[in-house]
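Readers should treat all values here as calculations from the given coordinates under stated rules, not as data from a laboratory. Since we're looking at a predicted model, the values are computed, not measured. Using ideal geometry, Cβ is built from the backbone for each residue, glycine included, and neighbour counts are taken over all protein chains shown.
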Amino acid sequence: MNTLGTTDRYSKLSIALHWLMLLVMIAVFATIELRTNFPRGSDIREGMKMWHFMLGLSILALVLVRIVARLTSPAPAELPGEPAWRRLTSKATHLALYALMLGMPLAGWTILSAEGDPIPFFGLELPPLVAPDKDLAHQVEELHELGGTIAYWLIGLHALAALFHHYVLKDGVLLRMMPRRKP
């Protein structure tokens, strides 16, 4: 499998990681939002929280692979004639998304650690990042919730920008990150 990108597309690995991470992020958001439909302490609510934690930590692992893939594969060339404000907005949005993909799982891990709770990861229990500290847990939890809200907006902005490029500008930006169809 050729994992190297070309000047007009991202690498196959980068494309696969992009779409896999989207699916995992949807599951992370869904599990934390849907848990509220079940009574506190119920098995299903606790299960959804556990899946939220494990999938969130999966994002951390995947984004590290994605960063390595991005650093080792060439990105498509910048669009000729793209206004500087759009290039800057794109770079800032991508940087913020990467910061959230790194920071949100680490914040979640910190919250569980500071609450003195186990950190589940698909049958493993990860070590705590900090000693139990309820005040720290509360402070980081507020930041984690704010980060979730920011992530909703940034992911929406990212998707709208891709659709704008595809349907309005018709410049092929979205196609750079789409898997190739077999003829």
Worksheet item: Of T36, L55, V130, which is farthest along the charge dipole of the chain in the positive direction, counting Lys and Arg as +1 and Asp and Glu as -1 at C-beta?
Response: L55
Worksheet item: Pick from V168, V140, V24: which is most flexible by mean-square fluctuation in a GNM of the chain where alpha carbon atoms under 10 Å apart are linked?
Response: V168
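Exceeding 23 Å between C-alpha atoms, which entries from my cross-link table qualify? They are K91/K182; K91/K170; K12/K182. Could you put the intermediate results ahead of the total?
Details: K91/K182 31 Å; K91/K170 20 Å; K12/K182 14 Å.
Going by Cα-Cα distance, K91/K182 fall outside the 23 Å limit.
By its C-alpha gyration tensor, with a ≥ b ≥ c as the square roots of the eigenvalues, how is the range 109-148 shaped: rounded for a/c under 1.5, else prolate for a/b larger than b/c, else oblate? Before the final figure, lay out each step's value.
On the way: a/c = 3.15, a/b = 1.45, b/c = 2.17.
Because a/c hits 1.5 or more and a/b fails to exceed b/c, the range 109-148 counts as oblate.
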Fill in: Identified option (computed Cα extents along the principal axes in Å; candidates (1) 53, 35, 30; (2) 64, 38, 33; (3) 59, 52, 40)
(1)
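Assuming a ≥ b ≥ c are the square roots of the Cα gyration tensor eigenvalues, decide whether the range 54-96 counts as rounded (a/c under 1.5), prolate (otherwise, with a/b larger than b/c) or oblate. Spell out each step's value before the answer.
On the way: a/c = 4.65, a/b = 1.89, b/c = 2.46.
Verdict is oblate for the range 54-96.
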Worksheet entry | Test item: Cα-centred dipole of the range 89-151, Lys/Arg +1 and Asp/Glu -1 on Cβ, debye | 380 debye
Worksheet item: If you add up the charges near P128, with Lys and Arg at +1 and Asp and Glu at -1, over every other residue whose beta carbon is less than 15 angstrom from its beta carbon, what do you get?
Response: -3
Fill in: Given charges at beta-carbon only (K, R positive; D, E negative), |dipole| of the chain in Debye
1100 debye
Worksheet item: What is the spin-label model distance, in nm, from D8 to E46 if the labels are put 7 Å beyond Cα along the C-beta direction?
Response: 5.5 nm
Worksheet entry | Relative contact order %, the chain, counting alpha carbon pairs below 8 Å whose residues are six or more apart | 23 percent
Discussion item. Can you tell me which of D133, D117, D43 moves the most in a GNM of the chain? Springs connect C-alpha atoms under 10 Å apart.
Written reply: D43
Worksheet item: If you look at just the Cα atoms of the range 102-183, how large are its Rg and its Dmax in Å?
Response: 19.2, 58
